[in-house]
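Colleague: My questions will all concern the structure given below.
What follows draws every value from the coordinates through simple rules; no lab data is involved. Model, not experiment: these values are computed from the prediction. All Cβ positions, even for glycine, are placed from backbone atoms using ideal geometry, and neighbour counts span all protein chains on display.
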Amino acid sequence: MRLTECLLDAGRQVQLLYSQAAQVVAAMELDLQLPGSAEAAQAQLTEHFHAEPGQLQVYGRQQWTAPVASGSNPPQALVVCPCTTGTLASIAHGISDDLIDRAADVMLKERRQLILVVRETPFSAIHLQNMLTVTQAGALVMPANPGFYYQPESVDDLVDFMVARILDHLGVEHDLLPRWGADR
């Protein structure tokens with residue numbers, strides 16, 4: 001959610017896709033109840049993030065007519081954050097059971113930027129093979145492993161580290177962290 005907040009604050013258009021697992025995680029970790037309907041989620045999240053009208057678009061899991069489902073209208077970049085190892089496996093093997101998988105498949109086939117923030121530990125040999133497969137196909141795998149060298153003081157600092165790294169790869173300016181060597 002912090003990534004979405006930062007992208008919206010930077011004035012970016014955000015097309016948000018979320019899974020049933022994301023609904024569970026949002027409830028458990030953020031105390032945020034995401035509605036099942038895309039329209040209700042869009043209204044709730046637009047208000048939650050104080051987004052401008054039309055700046056945030058939420059699509060349903062099976063909304064196959066969404067622009068992100070077609071190579072004729074792919075976004076510039078797609079970040080799957082967090083990316084479960086199940087979603088990673090689907091993407092690695094071209095299985096499009098939901099809109100997230102399909103959007104990732106479109107990004108790979110159109111040679112667009114795809115960032116997968118894998119959240120699992122430890123990794124099995126199967127997970128590592130799937131990471132290699134998607135990397136060879138053009139994705140960037142970014143495990144959710146924050147750095148401790150900048151001495152974070154809170155969980156929010158750890159989250160900001162990961163969001164900063166994602167924003168760097170997207171070319172979005174931010175001031176979430178000091179740049180390495182800037183204060184040395």
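Colleague: Test of understanding: express the Cα radius of gyration of the chain as a ratio to 2.2 N^0.38 Å, with N the residue count.
Modeller: Taking N as the residue count of the chain, the ratio is 1.02.
Colleague: Exposure proxy check: 121, 135 ranked by fewest other beta carbons within 10 Å? Each step should come with its number before you reach the end.
Modeller: Working: 121 9, 135 13.
In order of increasing Cβ crowding within 10 Å: 121, 135.
Colleague: Ranked highest first by the average count of other Cβ atoms within 10 Å around their residues, in what order do 75-82, 140-147 fall? The partial results should precede the final answer.
Modeller: Values: 75-82: 19.0, 140-147: 16.5.
Put in order of decreasing packing, that is 75-82, 140-147.
Colleague: Under a plain spin-label model, where a point goes 7 Å from the Cα along Cα-to-Cβ, how far apart in nm are residue 72 and residue 109?
Modeller: 1.3 nm
Colleague: While we're looking at this one, here's another question. Using only helices, what value at 222 nm comes out for the chain when you add -39,500 (n - 2.57) per DSSP H run of length 4 or more and divide by the total residues, to the nearest 500 deg cm²/dmol? If you can, show how the numbers build up before the last one.
Modeller: Details: 7 runs with 78 residues, N = 184.
About -13000 deg cm²/dmol.
Colleague: Mind sorting 50, 174 by how few other Cβ atoms lie within 10 Å of their own Cβ, fewest first?
Modeller: On the way: 50 10, 174 16.
In order of increasing Cβ crowding within 10 Å: 50, 174.
Colleague: Just going by the charge dipole of segment 1-95, with Lys and Arg at +1 and Asp and Glu at -1 on Cβ, which of 73, 53, 35 is farthest out on the positive end?
Modeller: Result: 73.
Colleague: How high is the relative contact order of segment 38-131, in percent, counting Cα pairs under 8 Å that sit 6 or more residues apart?
Modeller: On the way: 110 pairs, mean separation 27.7, N = 94.
Here the relative contact order equals 29 percent.
Colleague: Sorting 91, 115 on the 10 Å Cβ count, fewest up front, what's the list?
Modeller: Values: 91 27, 115 20.
Lowest to highest Cβ neighbour count: 115, 91.
Colleague: If I model segment 101-164 as equal point scatterers sitting on the Cα atoms and use the Debye formula, what is log10 I(q)/I(0) at q = 0.23, 0.24, 0.25, 0.26 Å⁻¹?
Modeller: -0.97, -1.01, -1.04, -1.07
Colleague: If you don't mind, there's one more thing I want to ask. Report the extension gain between residue 174 and residue 44 in nm, rounded to one decimal, defined as 0.36 nm multiplied by the number of residues separating them, less their alpha carbon distance.
Modeller: Numbers: separation 130, 0.36 × 130 = 46.80 nm, distance 2.52 nm.
Here the segment from residue 174 to residue 44 would lengthen by 44.3 nm.
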